[in-house]
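Okay, so here's the structure we're looking at.
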Amino acid sequence: MRFDVISLFPEMVSHAASYGVTGRAIERGLVGLSVWNPRDYTLDKHRTVDDRPYGGGPGMVMKCQPLLDAVDAAKQHNVLVNRKVICLSPQGRLLSQELLLDASCYDQLILVSGRYEGIDERFIQHACDEEWSLGDYVISGGELAALIVIDAVTRLIPGVLGDDESAKQDSHFDGLLDCPHYTRPEHSDIGDVPDVLLGGNHADIKRWRMKQALGRTWSRRPDMLEKVTLSAEQDALLKEFRTEVV
Ligand code: 4HQ
């Protein structure tokens, strides 16, 4: 997988991506990352990337030409055909694990991170295949959104995560929230580890974890529960949880 990010703050993206799982995946050559600064593709002596909005109003709008040339540079640098150009904006499709799983099948994702009030709509219509949104809130620039896409997609690439980490990821794929986790010490002034986890009965532990996952999804994210069909055992475990909690 190749990521090419179009950004006025290239170091923000390359630096943040150099940590942890993404940093290791880049070092190991499992993913490639380049950042293209539209300012390097300006043609005037002031290197202008933005201009005042037609129709008036506050803020500035990113100009088409530097962005178009930056995207072209990213395309020419790599002649991968199986690619998508994605603009990050609140007007886009809501990001989900499913959307990111689809995205992980491409050879190249070109992620356009805007700043200021936004980007000239003609660039979005002409050069972008899709618009994606983190959610219904406003951030100051698309870089953090692009980094989230890079992080979440990188985790889905075979060989990036170890077996332990990959297995853990399954918990989001069954459409439920995760169960609680505990580590040493067994007892402390802020609470004790649930007995079942200390007992070593693996069937009991598995049932307890499923019950917690179901219960937490039911109380915190009922919208997620509506999208899954529970097995008879899961149904029984959730009923148990609900009778214990009330
Ligand atoms: N942006 N999900 C970039 C966002 C956003 C979001 C606001 C994108 C500012 C210039 N991006 N513009 N939500 O709030 O992706």
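Bear in mind that the values in this text are calculations on the coordinates, not laboratory data. Quantities reported herein were computed from a predicted structural model and do not represent experimental measurements. Cβ atoms come from the backbone with ideal geometry, glycine included; neighbour counts cover every protein chain shown.
Considering the range 174-214, and only residues there that are within 22 Å of Leu238 (Cβ to Cβ) and of a type in the set (Lys, Arg), the residue that is surrounded by the most Cβ atoms within 10 Å (Cβ to Cβ) turns out to be Lys211. Restricting Gly199, Gly215 to those that are more than 29 Å from Cys87 (Cα to Cα), in contact with a Lys or Arg (Cβ under 8 Å, 6 or more places away or on another chain) and away from the ligand (no atom under 16 Å from the Cβ) reduces the list to Gly215.
With respect to the conditions (1) of a type in the set (A, V, I, L, M); (2) away from the ligand (no atom under 16 Å from the Cβ); (3) touching a helix residue (DSSP H, G or I) at 6+ places or on another chain (Cβ under 7 Å), Ile190 lacks only one, and its number is (3). Tell me yes or no: at least one residue of the range 137-151 is part of a loop (DSSP other than H, G, I, E, B) and over 22 Å from Ala16 (Cβ atoms). The answer is no, given that none of the residues of the range 137-151 is part of a loop (DSSP other than H, G, I, E, B) and over 22 Å from Ala16 (Cβ atoms). Hey, any hits in the range 98-119 for a residue that's among the aromatic types (Phe, Trp, Tyr), under 22 Å from Arg47 (Cβ atoms) and in contact with a helix residue (DSSP H, G or I) (Cβ under 9 Å, 6 or more places away or on another chain)? No, the range 98-119 contains no residue that is among the aromatic types (Phe, Trp, Tyr), under 22 Å from Arg47 (Cβ atoms) and in contact with a helix residue (DSSP H, G or I) (Cβ under 9 Å, 6 or more places away or on another chain). Just so you know, in the range 119-142 the residues that are within 11 Å of the ligand (Cβ to nearest atom) and of a type in the set (Val, Ile, Thr) include one that is surrounded by the most Cβ atoms within 10 Å (Cβ to Cβ), and it is Ile119.
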